[in-house]
Amino acid sequence: MNLGMLAKFLFLMDQTKSNNKNSKVVQKFKSKEEYFIENGGILLEKQIALSQGKDIGVGQLKILSKSEIEKATNNYDPGLIVGSFRGATIYKGIFDDKVVAIKTSSKPDPNPELVNLFLTDVSIGMVICHSNMVKIYGCCLETCVPMMVSEFYPNKDLHRYLHGDMAHENLLNWRGRFRVAIDVAYALSCMHNALSKPVVHRDVMSFGILLDSSYHAKLANIGHSVVITPGKKEQRWPVHGTPGYIDPEYIETQEVTEKCDVYSFGVLMLELITSRDPVEMAQCGNDLVDEFVLNVSKHGFKAMIDTILIEEVNIDEIQRFMQLALKCVVKKGVERPTMISVVEELWLIQDQGNHRTESKA
């Protein structure tokens, strides 16, 4: 079943809503058909809003039944759980002879916020298709909180390679970290420019960046994204994001622009060259950006760079990377570069590094 068929359910969904308003008894349990109608209508509305009414990406998404999800997860076998994150449990499963990740709600209770997160994630994955964004295969709408099926990434997230159980392996050298930065920059630039209106991610952080078998980065965790209208004032949303990465100007004004993502990306760049965890620092009342700027002014930038990187990279190259990161995290959003400009500068830094390597060969 594709999303075109979901439109047939909109009338039924409106009837269901009307009946619920007139009823004094709130129905606690719904059938899978009712969940399908309700979730399908919301998903269709999101898809139409994102694509500006155009038929974009519809044929790429499969609508799966609850029984198909149960079969793929062996009835939610705990042995197939590969992770959990913010109210979601992630299973490893098989669909169409492909290994996939199946994201389900950790609790069976209705959760409007989680429903919105899941369906926003799916709808953006339908409309914006980019090689550095997590590929969405399909979703199931027959449960109170929809389930999402996406590409499976065995290396999991970037955080574990910088701060977690894989950090001691030093598998991400300078070239690997630079590749992560440029991959994420590509994805964000696409989100900001692929459609007639920018889509702002609002939650860029190392936990939400997955690595494929070649350690290329895939931007994930898109559920908090919002569509904005450039030039329109007072586009305010409640502050969402991860402490340590959130744009301080956004916290102060609640106004969302593309520059919110630019700031978070700048924090990620500093995280890549320092190997310091912005979340852990925030929990202790510190801020990576402030600490980086303070230490660089007192002791020079080498004092904050991961010693492993200092040993293997040209100082001029990492200094240009650092300077770009600092441009991204300036306090005023209007003074930050666009993600297109960030990508262009990363290209120049990459070319510089490639030429230096070729001259040594």
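The values are calculated or read from the model by the stated rules, or taken from the named source; none is laboratory data. Every value quoted in this text rests on a predicted model; they were computed, and no experiment measured them. Note that we place each Cβ from the backbone using ideal geometry, even for glycine, and neighbour counts take in every protein chain shown. For the accessible areas, the whole protein counts, side chains as well, though only heavy atoms, and no ligand, DNA or RNA atoms are used. Shrake-Rupley method; radii C 1.70, N 1.55, O 1.52, S 1.80 Å.
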**Item:** Qualifying GluC sites (Glu not before Pro) in the range 224-274, DSSP loop, other Cβ atoms within 10 Å at most 15
**Value:** Glu234
**Item:** Per-pair calculated FRET efficiency, R0 = 51 Å: Ala194 and His168 via Cβ, rounded to 0.05
**Value:** 0.85
**Request:** Consider a paramagnetic label point 7 Å from the Cα of Ser214 along Cα→Cβ; state which residues of the range 99-137 have an amide N under 15 Å from it.
**Result:** 131-133
**Request:** Any chance you could get the radius of gyration and Dmax over the Cα atoms of the range 308-351, in Å?
**Result:** 11.8, 36
**Request:** Diagonalise the Cα gyration tensor of the range 128-283 and give the resulting equivalent ellipsoid semi-axes, square root of 5 times each eigenvalue, largest first, whole Å.
**Result:** 25, 20, 15
**Request:** Sketch the reach of a paramagnetic label on Ile94 as a point 7 Å from Cα along Cα-to-Cβ, and name the residues of the range 123-164 whose backbone nitrogen lies under 16 Å away.
**Result:** 152
**Request:** Determine the gain in length on full extension of the stretch Glu34-Lys62; use 0.36 nm per residue of separation and subtract their C-alpha separation, reporting nm with one decimal.
**Result:** 8.2 nm
**Request:** Could you sort out which of Lys218/Lys327; Lys197/Lys259; Lys66/Lys156; Lys197/Lys327 sit more than 21 Å apart by Cα distance in this structure?
**Result:** Lys218/Lys327; Lys66/Lys156; Lys197/Lys327
**Request:** Mind checking which aspartates and glutamates have their Cα closer than 19 Å to the Cα of Lys98? Skip sequence neighbours fewer than 8 apart in that chain.
**Result:** Glu68, Glu70, Asp77, Glu151, Asp212
**Asked** Accessible surface of Lys327 in the full protein assembly, 1.4 angstrom probe, to the nearest 10 Å²?
**Response** 120
**Message:** Under 25 °C and 0.890 mPa s, how fast does the range 179-218 diffuse according to Stokes-Einstein, given a Kirkwood radius computed over C-alpha pairs? Answer in µm²/s, whole number.
**Reply:** 227
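Report the gain in length on full extension from Gln352 to Gln319: 0.36 nm times residue separation, minus Cα-Cα distance, nm rounded to one decimal.
10.6 nm
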